[in-house]
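The values are calculated or read from the model by the stated rules, or taken from the named source; none is laboratory data. As the structure is a prediction and not an experimental result, all values here were calculated from the model. Positions of Cβ are backbone-derived with ideal geometry, glycine not excepted, and every protein chain shown enters the neighbour counts.
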Amino acid sequence: MEEIYAKFVSQKISKTRWRPVPAGSLQTAETFATGSWDNEENRVSLWSIGDFGNLDSDGGFEGDHQLLCDIKHHGDVMDLQFFDQERIVAASSTGSVTLFLHHPNNQTLSVGQQWTAAHYHTSPGSPSCRSAPCTGVVCSNPEIVTVGEDGRINLFRADHKEAVRTIDNADSSTLHAVTFLRTPEILTVNSIGQLKIWDFRQQGNEPSQILSLTGDRVPLHCVDRHPNQQHVVATGGQDGMLSIWDVRQGTMPVSLLKAHEAEMWEVHFHPSNPDHLFTCSEDGSLWHWDASTDAPEKSSLFHEGGRSSIFLFHSISNQANVHQSVISSWLSTDPAKGRIEITSLLPNRTLSVNSLDVLGPCLVCGTDAEAIYVTRQLFS
Amino acid sequence: MRGCSRQRLIWQKGYCEDRLPLAQFSLTRCRGQDGGTRVECRRVVAMAERRGPCGIGGFGPAGSTGGARAGSSLATGAELEARARSFGGPANSRWLRLGAMEELDGEPTVTLIPGVNSSKKQMCFDWGPGEMLVCETSFNKKEKSETVPGCPFIYIIRKDVDVYSQILRKLFNESHGIFVGLQRIEEELTGKSRKAQLVRVSKNYRSVIRACMEEMHQVAIAAKDPACSCQFSSQVSILSAMELIWNLCEILFIEVAPAGPLLLHLLDWVRLHVCEVDNLLADVLGSENPRKHESFWKLPGTTQTLTELELKWQHWHEECERHLQDGTFASSPHLESLCKIMLGDEAALLEQKELLNNWYHFLVTRLLYSHPTVKPIDLHFYAQSSLDLFLGGESSPEPLDNILMAAFEFDIHQVIKECSIALSNWWFVAHLTDLLDHCKLLQSHNLYFGSNMREFLLLEYASGLFAHHSLWQLGVDYFDYCPELGRVSLELHIERIPLSTEQKALKVLRICEQRQMTEQVRSICKILAMKAVRNNRLGSALSWSIRAKDAAFATLVSDRFLRDYCERGCFSDLDLIDNLGPAMMLSDRLTFLGKYREFHRLYGEKRFVDAASLLLSLMTSQIAPRSFWMTLLTDALPLLEQKQVIFSAEQTYELMRCLEDLTSGRPVHGEPDAQRLQDDDIETTKVEMLRLALARNLARAIIKEGSLEGS
């Protein structure tokens, strides 16, 4: 990792997301959105890493990201997703879900659509509702799915004022994250270590499948699906463990990888190079996991500046599926083949790295130390 | 607007004898102009903020400040004239006092509380976390009823106003990383490498200050509002002064430059901080004797010893003097004065006073031409005389002058003390003192309260961070590196962090768990569990009490589950109860809940024999609460009525004994009313039915068992 740029922004960053590049275009990532948390006044901001003139000749501003525009956000930004090129969906700790519009002409953000009180608690005795934080959001145009501390799942459509579908009491504990599995199916993770698959075609309020870690009930905080192999799912837990699941079979993870020392807040497969995976954690680290088997020489299993860490890679799946012709490197159970090279991307330990996003050769992450880190040469 | 007077709150500082800092307050009243308007408030705020670390930070309707979970309650009825005292931990102290206890180091900062209605003579105050709340009360001696609505404002007096600056936040965040890095510097590192590392750390700190200063400068230029711009500009000058002081301390205390290089460092120092110096020096040096001053500039050459240099310089000096005496430059007064300057003639230098920006510029210039090999030990003498000469008795030295003078005198404690008084934040003194402490310069000095000075200042700074709604996370690491009182302070502060979302709670929990703060971990989990119960989220509540290993609360939540079951006839939150695992052992009631649910599952799967023995064991092992036995026995009914015999004769006897235990132990109610009679009626019917079913089952079991034995 040669060049990683840090910028202090005077707000704790809870989420960072690249704006998607139009399909089929050769553009690289150049705009990203951030959300802040725990501030008196939180904001959703858009940043550009594009070159501003030719300042890089004297080493000045090259790589530094500049604020394009920002807008107030009521409550902590709990999650953030680009709905499309111009629209951003933000989940709030106040239980509301907001769709922001970006106007590139005059570089402003405005509120496009808002679903207030999408998530709420009902008190036993009184009819009044208390808002519950919305913890996760995922979009697949035109649908938006949100989950919250109230254990509720909402399905919105960008052009509908009301929720299209709501599953009350979908979970008895807090839902931490959500992602799409196949189009009508979503996948949620909760605070008692369960992974649930929901099918919106089914009418009931029951998940179609429950997978869980055995016994330990370690909360899961994040989930991501393999971009090409839709049955491969990665989750990150409170103990910093990375779990790889094959949702087609079994109710237990295929492999458990000991990773960070504290909560893993986010996990992302590289969208176009899914042998690479990225995780970040409360312990202030950001890791790049390389499971590509074609790398010629791998001298060491673990590279990190001056820090020795026990790295356990053990697989708990049976050997039955090894013979499959196309097998993801993440499901491989052969210890020799299943070598994973891990690199720590941040130069120093800092406060919690809350969020990261990868797109092409670019990575962005945000921390509680109020810094945004950007690199444009991931695979150099 | 009636003419009402303003209240003046005078902050007096002192310490009590039990080694804990004591903040003393006296609330006095003084007549002033009308003070009831908001505009007035703002003006006063601005003034207060400029004056020192204490200013009024915010206003709001009463109650809006109640963000803290364990916010202090405000004492009521404290009378205005009353001399109030407040004892407390280190967070309550305002000034660090290094001198004798009796004398005050500086004028106490006066903070005006605007808009207080003096005719009521009521005001109270209390410490919030790291800040003070002052409010007017509706307390009225004559009328006991609280009919008079109180003043809608609570004033928050913040200790460290700079913490709230958007730009300075970057300074705090960036320097936090440097601070943590510094604490991890290997203690074994000694000598040169250690010194080099410390100098590097010092330079890092300074570069952060400079970056911050530059940004502040940009903002000041860009600001459209002149008042705003002025405020930023004053911040720039404060930052610039901070960097100036830090740099001098770095040269004198950390780098510890010996005679010779010392002057070069000082030259750099002046050049860095006085923009015009560069041009000036070029003018002065580049003009007259290039050959000679070229040789002078070779001064730092390593081959030359100090004595050699001194000899050469002496030679050059004499040559210049000769030129002057010979009247070589007599034709040009300018050249003559230039020559005088190069000889270090003070009078000639002072003639050019307007070119010299300040006395330390004068000092360094003077040293350059008259004492280039000045020893560190002699610095203070030249510094003092330069200051006196430069000011010429016209003006008195300012705080910055005193700080620099203290540094030239190598009086570190005086530097820190003066900085504490003059600067508007704790950041500077805390970090500088910590760095100097790492240079092993402060070890001899211990305070008569708390721990040592380094720790005291770090605690002050960290408390300020904790008072901020967002920067509290930075404060944790500072507390960690305060060996004596850090832990206690952290425990006190962390409990006051509002837990708005579970995510934030998890972060606070992680901090506590990493430091084995079990008491705090339990309290946080309990708060979250209570919150979940209030929100009717029993599953979450149970998860939190399991995490806290809080058996009592787990019992309470389990009871709620069982009650809900009795009311609705079905379980909620099965995903949790079915997956309790070993956590089930936390409390008996939870075990019962888990097992009872297991019974239902077995029954649902038509595994009647297993279900029956589990049901019976729940009662015989006393896991099931007595109050629930009737429900369990009722659950046994359908099993007793099955076609095949499920309960063995022995099991049936056991069931019968359970039923008799339950019915015989029943208390006799006095004065039965209609409702109770009806209830009792239902109960009696239930018992009769059970007895009948048990008897029939017993008969069938005996026959079955008998016939099996017989065959």
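A few notes on this one:
For (1) within 14 Å of chain A (Cβ to nearest Cβ); (2) under 26 Å from the mean Cα position of the chain (by Cα), each residue gets a yes or a no:
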position: B:Val180; (1), (2): yes, yes
position: B:Lys192; (1), (2): no, no
position: B:Gln218; (1), (2): yes, no
position: B:Cys228; (1), (2): no, no
position: B:Gln235; (1), (2): no, yes
position: B:Glu243; (1), (2): no, yes
position: B:Pro261; (1), (2): no, no
position: B:Leu266; (1), (2): no, no
position: B:Leu272; (1), (2): no, no
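- Exactly one residue out of B:Ser613, B:Ser587, B:Ser621, B:Ser617 is touching a helix residue (DSSP H, G or I) at 6+ places or on another chain (Cβ under 9 Å), small (Gly, Ala, Ser) and under 22 Å from B:Val557 (Cβ atoms): that is B:Ser587.
- Residues located in the stretch A:139-166, provided they are surrounded by fewer than 21 Cβ atoms within 10 Å (Cβ to Cβ) and either part of a strand (DSSP E or B) or at pLDDT 95 or above (or both): A:Cys139, A:Ser140, A:Glu143, A:Leu155, A:Arg157, A:Arg165, A:Thr166
- Contact annotation: residue pairs with Cβ atoms under 6 Å, 6 or more positions apart or on different chains, pairing a residue in the stretch B:343-361 that is assigned to a helix (DSSP H, G or I) and surrounded by 16 or more Cβ atoms within 10 Å (Cβ to Cβ) with a partner that is modelled with pLDDT of 70 or more and polar (S, T, N, Q), are B:Ala348/B:Ser337; B:Trp359/B:Ser386.
- Filtered by the rule that a residue be within 22 Å of A:Asn106 (Cα to Cα) and among the small types (Gly, Ala, Ser), the stretch A:22-52 gives A:Ala29, A:Ala33, A:Gly35, A:Ser45, A:Ser48, A:Gly50.
- Tally of residues being assigned to a helix (DSSP H, G or I) and either among the β-branched types (Val, Ile, Thr) or surrounded by fewer than 16 Cβ atoms within 10 Å (Cβ to Cβ) (or both) across the stretch B:561-580: 6
- Residue selected from the stretch B:188-222 under the condition among the hydrophobic types (A, V, I, L, M, F, W, C) and over 19 Å from B:Glu174 (Cβ atoms), by the criterion surrounded by the most Cβ atoms within 10 Å (Cβ to Cβ): B:Ala220
- Filter pass, B:Thr591 being away from chain A (no Cβ under 12 Å), farther than 30 Å from A:Thr94 by Cβ, of a type in the set (Ser, Thr, Tyr) and in contact with a Lys or Arg (Cβ under 6 Å, 6 or more places away or on another chain): no
- Of the residues making up the stretch B:364-378, those that are hydrophobic (A, V, I, L, M, F, W, C), part of a helix (DSSP H, G or I) and touching a Leu at 6+ places or on another chain (Cβ under 8 Å) are B:Val364, B:Leu367, B:Leu368.
- For A:Val145, the stated conditions do not hold, so it cannot be described as in contact with a Leu (Cβ under 6 Å, 6 or more places away or on another chain), free of Cβ contacts under 8 Å to residues at least 24 places away in the same chain and more than 14 Å from chain B (Cβ to nearest Cβ).
- Test: residue in the stretch A:103-116 that is surrounded by 24 or more Cβ atoms within 10 Å (Cβ to Cβ) and in contact with a strand residue (DSSP E or B) (Cβ under 6 Å, 6 or more places away or on another chain): no
- Residue match in the stretch A:38-53 (condition: among the aromatic types (Phe, Trp, Tyr) and under 18 Å from A:Val138 (Cβ atoms)): no
Rundown of residues vs (1) more than 12 Å from chain A (Cβ to nearest Cβ); (2) more than 35 Å from the chain's Cα centre (by Cα), yes/no style:
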| residue | (1), (2) |
| --- | --- |
| B:Asn536 | no, no |
| B:Lys549 | yes, no |
| B:Ala552 | yes, no |
| B:Arg563 | no, yes |
| B:Glu567 | no, yes |
| B:Leu576 | no, yes |
| B:Pro582 | no, yes |
| B:Gly604 | yes, yes |
| B:Arg607 | yes, yes |
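- Scan the stretch B:421-448 for residues that are surrounded by fewer than 18 Cβ atoms within 10 Å (Cβ to Cβ) and modelled with pLDDT under 80 and the total you get is 6.
- Count - residues of the stretch A:211-224 that are away from chain B (no Cβ under 14 Å) and among the hydrophobic types (A, V, I, L, M, F, W, C): 1
- Single residue of the stretch A:328-379 satisfying the filter (within 14 Å of another protein chain (Cβ to nearest Cβ) and at pLDDT below 85) that is surrounded by the most Cβ atoms within 10 Å (Cβ to Cβ): A:Thr350
- A:Ile71 meets each of the listed conditions (1) out of contact with any Pro (no Cβ under 8 Å at 6 or more places or on another chain); (2) within 14 Å of another protein chain (Cβ to nearest Cβ); (3) closer than 21 Å to A:Gly366 by Cβ apart from (2).
- Count - residues of the stretch A:198-210 that are surrounded by fewer than 18 Cβ atoms within 10 Å (Cβ to Cβ) and within 13 Å of another protein chain (Cβ to nearest Cβ): 4
- Residue in the stretch B:495-505 that is farthest from the other protein chains (Cβ to nearest Cβ), counting only those that are crowded, with 22+ Cβ neighbours inside 10 Å and of a type outside the set (S, T, N, Q): B:Ile497
- Sole residue being at pLDDT 65 or above and part of a helix (DSSP H, G or I), chosen from B:Leu281, B:Leu248: B:Leu248
- In the stretch A:175-198, the condition of being within 26 Å of B:Ile511 (Cα to Cα) and basic (Lys, Arg) is met by no residue.
- Scoring B:Leu692 on the criteria (1) at pLDDT below 85; (2) farther than 25 Å from B:Arg607 by Cβ; (3) not hydroxyl-bearing (Ser, Thr, Tyr) leaves a single failure, condition (1).
- Among the residues making up the stretch B:451-491, those that are within 30 Å of A:Ser36 (Cβ to Cβ) and of a type in the set (S, T, N, Q) are B:Ser463, B:Ser470, B:Gln473, B:Ser489.
- Among the residues of the stretch A:225-255, those identified as away from chain B (no Cβ under 14 Å) and either touching a Gly at 6+ places or on another chain (Cβ under 9 Å) or among the β-branched types (Val, Ile, Thr) (or both) are A:Val232, A:Val233, A:Thr235, A:Leu242, A:Ser243, A:Ile244, A:Val247, A:Val254, A:Ser255.
- The residue that is farthest from A:Gly366 (Cα to Cα), counting only those in the stretch A:243-271 that are of a type in the set (S, T, N, Q) and modelled with pLDDT under 90, is A:Gln249.
- Residue, nearest to the chain's Cα centre (by Cα), within the stretch A:1-53, restricted to residues that are at pLDDT below 90 and acidic (Asp, Glu): A:Glu30
- For the stretch A:23-44, filtered to residues that are in contact with a strand residue (DSSP E or B) (Cβ under 7 Å, 6 or more places away or on another chain) and away from chain B (no Cβ under 14 Å), the residue that is surrounded by the fewest Cβ atoms within 10 Å (Cβ to Cβ) is A:Thr28.
- Test: residue in the stretch A:175-188 that is at pLDDT 90 or above, part of a loop (DSSP other than H, G, I, E, B) and within 12 Å of another protein chain (Cβ to nearest Cβ): no
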